[in-house]
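Structure first, then comments.
The values are calculated or read from the model by the stated rules, or taken from the named source; none is laboratory data. Only a predicted model underlies this, so the values are computations on that prediction, with no experimental measurement involved. Reconstructed Cβ throughout: ideal geometry from the backbone, glycine too, with neighbour counts over all protein chains shown. Heads up: the accessible areas ignore ligands, DNA and RNA and are worked out on the full protein's heavy atoms, side chains in. Shrake-Rupley method; radii C 1.70, N 1.55, O 1.52, S 1.80 Å.
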Amino acid sequence: MAGEAAIRTSMTEILPANPDGIVRAAELLRAGSLVAFGTETVYGLGGDATNATAVASIFAAKGRPRFNPLISHYPADVAAFEDVVASSVARRLADAFWPGPLTLVLPRKAGSHVSLIAAAGLDTLAVRIPAQRDALLLLAAVNRPVAAPSANRSGQVSPTTAAHVLEGLRGRIAAVLDSGPCAVGVESTVLDLSGARPVLLRPGGVTAEAIEAIVGPIETGAPPAATDVVRSPGQLASHYAPSLPVRMDARDVAPDEALLAFGPPCQGAGLVYQLSETAELVQAAARLFDGLRWLDAEGTRRGLHNIAVMPVPERGLGRALNDRLRRAAAPRG
Ligand code: TXA
Ligand code: MG
């Protein structure tokens, strides 16, 4: 691919999440380099959000086909609310869920230093405070908003360990700060508060039920469609795709299929990854992306043709799980 060589760095530093590692990661980010770091949801591919070149290199490293808007990450709500206009609903949600897996889309303040390319030229900005101690220390040390999409190559499964990050991005980014596996395991909930009523753009780590308990009924964005016109690129139908095709709501398993199990596995399954033996959604979410990656690699090695996924209930975190699985199962475009 043209331009590929230009973004290849000689090596990717693997930094431990200790004070020295965090100082080094912050130094690299402040200098405009890219550093992946763990959050409670998934690993983010961080770049200085106020530096247009750094942000552009995020898209290059991911191989994103176009400039999708990115989430800006902050160590505290005071800092986030310097870049966006916070409504009272936004403040209530921030009080309830930050730090945590909730991203708020709000009107961007005129004085915001976040580069326009980070928000893909929109007049809104997505902001979030991750609930991960090392991420918060890093963000405080950088002392600038950090733009960070999930640290995977475009269209691939999101990373929940530093090893997953390196599988896709080794040699393409300056460093990865290894803070261990992500506790939540699915991306943040994206809630658009820029219009008259809150709209759920992406189900995620904070459940719609929990949000509605605070602000009342929220609208759900249009169902995913494989079109170019999307409010949130996470809404593209095919996304989070392993290389093997995915079959959802499997109540049986064929001999040429790997099985992603939720609760007691279907009869006759050979290659199985168990999301949660006891069918607990929190545990299943934390294991989802690792399971898809592992079944994809191991299933391919064994010559299997499909990943069958057992049904996951459509409630609480199950909505985020099913959303990611539907995208993994969607026809590839
Ligand atoms: O958990 C997460 O959110 C992770 C970690 C690293 O924080 N990040 C993440 O980023 O998932 P990304 O780029 O993979 O997904 C961001 C989502 C996309 O669906 C994007 O379209 C949406 O947020 N988004 C960002 N800014 C937006 C904006 N101004 N308006 C509407 N949607 C926006
Ligand atoms: Mg992503």
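Overview of values
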{"read-out": "Residue within the stretch 130-146 that is within 20 Å of R293 (Cβ to Cβ), within 16 Å of ligand 2 (Cβ to nearest atom) and under 14 Å from the mean Cα position of the chain (by Cα) present", "value": "no"}
{"read-out": "Criterion (crowded, with 16+ Cβ neighbours inside 10 Å, of a type in the set (A, V, I, L, M) and within 16 Å of ligand 1 (Cβ to nearest atom)) met by exactly one of A241, A269, A284, A258", "value": "A241"}
{"read-out": "Residue that is closer than 21 Å to R153 by Cα and outside any loop (DSSP other than H, G, I, E, B), where the choices are A285, A308", "value": "A285"}
{"read-out": "Residue count for the stretch 171-210, restricted to those that are small (G, A, S), more than 16 Å from ligand 2 (Cβ to nearest atom) and part of a loop (DSSP other than H, G, I, E, B)", "value": "8"}
{"read-out": "So G168, is it assigned by TED's automatic domain parsing to the domain that holds I71, outside any loop (DSSP other than H, G, I, E, B) and within 16 Å of ligand 2 (Cβ to nearest atom)", "value": "yes"}
{"read-out": "Counted residues, the stretch 98-118 - those being at pLDDT below 95 and within 16 Å of ligand 2 (Cβ to nearest atom)", "value": "1"}
{"read-out": "Within the stretch 44-66, tally of residues that are open to solvent by 10 Å² or more (accessible area, probe 1.4 Å) and more than 16 Å from ligand 2 (Cβ to nearest atom)", "value": "6"}
{"read-out": "Members of the stretch 158-177 that are out of contact with any strand residue (DSSP E or B) (no Cβ under 9 Å at 6 or more places or on another chain) and within 14 Å of ligand 1 (Cβ to nearest atom)", "value": "G168"}
